[in-house]
Amino acid sequence: MESNLKINLVSSTDSAEFTRLKWSLTRSTVIALDAEWKPQRSNPSSFPTVTLLQVACRLGHAADGDDDVSDVFLIDLTSIHLASVWELLNDMFVSPDVLKLGFRFKQDLVYLSSTFTQHGCESGFHEVKQYLDITSVYNHLQYKRFGRKAPKDIKSLSAICKEMLDLSLSKELQCSDWSHRPLTEEQKLYAATDAHCLLQLFDVFKANLVEGITVADSREINVGLKEILAVPDCASKIVTIKLCKATDVIRAMTENGQNIANGVVSRKTTLNTMPMDENLLKIVRKYGERILLKESDLLPKNSRKKTRRRASSRTVNTDKHLVGSVDWQGPPPWDSSLGGDGFPKFLLDVMVEGLAKHLRCVGIDAAVPQSKKPDSRELLDQAHKEKRVLLTRDTKLLRHQDLAKNQIYRVKSLLKNEQLLEVIETFKLKISGNQLMSRCTKCNGSFIQKPLSIEEAIEAAKGFQRIPNCLFNKNLEFWQCMNCHQLYWEGTQYHNAVQKFMEVCKLSE
């Protein structure tokens, strides 16, 4: 069931969104963090400037008790006065009452600290307490479920989301220009989803982690506070609220660092947060981490090892030549003058794999590597054998000395629609309306020449693919891939796709 997700763009401390942010932080015991910055194209001598900080707050449950209510705040660091939010954010990072979720957030914290110090703040951020990294918990779950250690190559966030939530998390906008304003609606949704999915993953993890974790005896509470809590048969929410009131009493009485109740430490903070419930404390006690930045972490690593920096002038000149030769020159390998059949064919590596489906949708032969993790040699061999142009964004592939001429092209665009247009224009591909949706988007295969009737399609789909009942009474033609046998028909999805690529390719009706 979908969450009641609210996205708030915070660009000023005088805004209603900022007031909502402060209120949400006092009502949340679990928050998720992420950050975005404009990618740097060269080896930087300074850290990237963070332009957006995402904070997803879990506020509880909706009235029906099923959906969780969450607020996601997109803090626009290009607009808001950074010094005015530093204390609030720092208190959030170090609060012992708030569990912070992240995905490899240490790098984000380094960049965030650098951004604040570079823009006039006396201090950056140096630590995050009560932190839980999604990769660590995922690895624990893998061991618990399968009895083996996690693989060395840690999965990406999108892969974890797909496995644990069956959620396809697109990373298409990850490298977009996050310094440009205003943000597009797609960027806002992408940024909010990146943070909110951590809360959803934590729900899955929590259900698996709490079991079997032992809890220490309940902490003693000062006798003077028992009157606040001594209400029999209270629901857990009422107890939490009253415990929060008790904490307020403690904080009000702990002037000058004097402790009033056993086990309670005075701390100056702008956040009047609620304490964690017992289940959350179980997880924090066993799996909680702390991010602590060292002085060396805050220094940009703008140099490589001496051996790498002392490369020969011959290698440097070769690299410069290769990087500069990313523009396409000469006939492609499918050209008849080179012994080709005249039909454009491409091989797309993992960095532009999403472009393969777009090319297939406009009728272009677009294959992917035969193995899951091919090395450079395998990619080049497959492209050469099948007379394909290898499409990539990996500059390392351009450095191969044995690289065949006119065998590889580096795609410059980031978004798939723009990549499609770039390839069409670069290779002067002729796209017509008749070509649209003429290849199997699943495997790149060709369709059988003769369409199938509904009866033939039902027979072909047995034990393989389900045809919706609503199609039985419609006079539709079905098309089958000769390679993977996937069935297609001209339904709403088909017509929407045709309309989309008519617009993208600027084709007339």
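One table, with the values for the structure above:
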read-out: Environment charge of VAL352, counting only residues whose C-beta is closer than 12 Å and scoring Lys/Arg +1, Asp/Glu -1; value: -1
read-out: Rg/Rh for the range 326-430, where both radii come from Cα atoms and Rh is the Kirkwood radius; value: 0.92
read-out: Nearest-0.05 FRET efficiency for LEU59 and TYR143, computed from C-beta distance (R0 22 Å); value: 0.10
read-out: Computed label-point distance, nm, for sites HIS495 and GLU422 using a 7 Å Cα→Cβ extension; value: 3.4 nm
read-out: Cα-projected label distance for SER156 with GLU87, points at 7 Å along beta-carbon direction, nm; value: 4.2 nm
read-out: Distance (nanometres) between label positions extended 7 Å along Cα→Cβ at GLN449 and LEU293; value: 6.7 nm
read-out: Accessible surface, 1.4 Å probe, highest first, among residues ARG466, ARG410, ARG399, ARG388; value: ARG466, ARG399, ARG410, ARG388
read-out: Descending semi-axes in Å of the range 431-508, equivalent ellipsoid built from Cα gyration tensor; value: 23, 15, 10
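The values are calculated or read from the model by the stated rules, or taken from the named source; none is laboratory data. Owing to the predicted nature of the structure, the values given are computational and were not obtained by experimental measurement. As a convention, Cβ positions derive from the backbone with ideal geometry for all residues, glycine included, and neighbour counts pool all protein chains shown. Side chains included, ligands, DNA and RNA excluded: accessible areas come from the protein's heavy atoms. Shrake-Rupley method; radii C 1.70, N 1.55, O 1.52, S 1.80 Å.
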